[in-house]
Amino acid sequence: MSPTEKELPSAFDAMAEAFDTWFAKNANVFESELLAEKYFLTDPENTVSIGCGTGLFEERHGIPCGVEPAEGMARLARRRGIDVKVGSAEDVPYGDEQFNGVLLGTILSYVKDRPKAVAEAYRILKHGGHVVVSFLPGEGSYTMLYDLAAVKGKYNPEISPEHPYPIEFIEEGTWCSTREVTELLKRAGFVDMEYVQTLTRHPKYSNDSVEGPSRGTTRGITSSSGAGSRERLTLENTKKICPGVYVAGMSANAAFGGPRMGPIFGGMLLSGKRVAELILDGR
């Protein structure tokens with residue numbers, strides 16, 4: 001392959017430092033995104049970040065390890081003390097059931113095979129683990145602004161933030177809708193999804209102050225948690241077996257041929273919650 005035929009480096013590789021510079025100029029946006037992810041990160045010390053970038057978020061979260069395809073970004077993450085393996089979200093260089101948590105921080109807009117990336121997150125989670133996915137909804141104001149800037153080749157300063165996101169990064173993205181992310185998680189086997197949103201103001205004003213996470217998915221940037229890797233069978237087996245008698249947790253699996261030790265603690269909680277819902281619904 002001649003030099004002119006070689007694939008050009010990703011903007012995330014060639015412009016890694018520009019990523020950090022943008023967040024430094026948009027410190028309130030950074031803090032808002034950080035809080036939305038942190039809302040669901042219950043065990044950061046046993047979490048891996050897939051697509052960890054420069055390690056900017058991971059350092060603040062206390063996440064010790066990550067996977068990153070862009071060597072330029074991986075280099076900066078290592079300087080922050082993150083143990084980074086170079087690899088892709090579709091082929092994560094870790095074995096099965098290694099972590100209690102997986103963070104997919106705004107990467108689904110940039111991976112080539114979204115179902116494979118989410119399936120890999122499921123694969124490397126331990127029993128009772130959960131995934132945290134942050135993303136810019138395709139139906140949101142940020143992605144509309146970004147698409148307009150990409151088409152025109154520049155931002156309109158009248159409707160854009162003072163320091164807009166580099167167009168080079170935008171051109172590599174394809175945005176996912178909230179519905180698509182939800183379906184991806186369900187098909188991979190995740191259950192009990194929860195959502196929060198942040199940066200719900202117009203992008204021009206998002207950096208004016210830090211915004212805490214709020215319930216919902218319709219605006220801004222969304223963070224979702226899909227709990228229960230390996231727990232779907234337990235929830236399916238949680239049911240009423242005769243009037244006034246319900247089976248849940250390990251008993252549910254044992255009664256219907258599932259693995260008795262599969263759900264562990266997280267599965268027990270979700271199974272108990274399902275029984276309470278069945279009772280309240282009169283089923």
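Report Rg(Cα)/(2.2 N^0.38 Å) for the range 17-73, keeping two decimals.
On the way: Rg = 11.5 Å, N = 57, 2.2 N^0.38 = 10.2 Å.
That works out to 1.12 for the range 17-73.
Over 23 Å between Cα atoms: which of Lys112/Lys152; Lys152/Lys204; Lys112/Lys154; Lys126/Lys186; Lys85/Lys116; Lys25/Lys204 fall into that group? If you can, show how the numbers build up before the last one.
Values: Lys112/Lys152 25 Å; Lys152/Lys204 18 Å; Lys112/Lys154 26 Å; Lys126/Lys186 17 Å; Lys85/Lys116 18 Å; Lys25/Lys204 14 Å.
Pairs exceeding the cut-off: Lys112/Lys152; Lys112/Lys154.
For the range 136-221, which trypsin sites (Lys or Arg not before Pro) pass both filters: DSSP loop (anything but H, G, I, E, B) and at most 16 other C-beta atoms within 10 Å? Present the calculation step by step, with values, prior to reporting the outcome.
Details: sites: Lys152, Lys154, Arg179, Lys186, Arg187, Arg201, Lys204, Arg215, Arg219; in loops: Lys154, Arg201, Arg219.
Answer in residue order: Lys154, Arg201.
Subtracting the Cα-Cα distance from 0.36 nm times the residue separation, let me have the gained length for Asn46 to Glu139 in nm, one decimal. Let's see the in-between values first.
Values: separation 93, 0.36 × 93 = 33.48 nm, distance 3.27 nm.
Roughly 30.2 nm would be gained on extension.
Any chance you could tell me what percent of the C-alpha pair distances in the range 12-169 go past 28 Å?
On the way: 2399 of 12403 pairs.
Everything past 28 Å amounts to 19 percent.
Relative to the present Cα-Cα distance, how much length would full extension add between Arg60 and Lys152 at 0.36 nm per residue of separation? Display every interim value, and only then the final one.
Numbers: separation 92, 0.36 × 92 = 33.12 nm, distance 3.52 nm.
So the extension gain works out to 29.6 nm.
Indicate, rounded to the nearest 5 percent, the antiparallel portion of the DSSP beta bridges found entirely in the range 47-140. Mind showing how you got there, number by number?
Details: 1 of 18 bridges.
Restricted to the range 47-140, the bridges split so that about 5 percent are antiparallel.
No value in this document is a laboratory result; all are computed from the given coordinates. Values in this document were obtained by computation on a predicted structure and should not be read as measured data. So basically every Cβ, Gly included, is an ideal-geometry build from the backbone, and we count neighbours across all protein chains shown.
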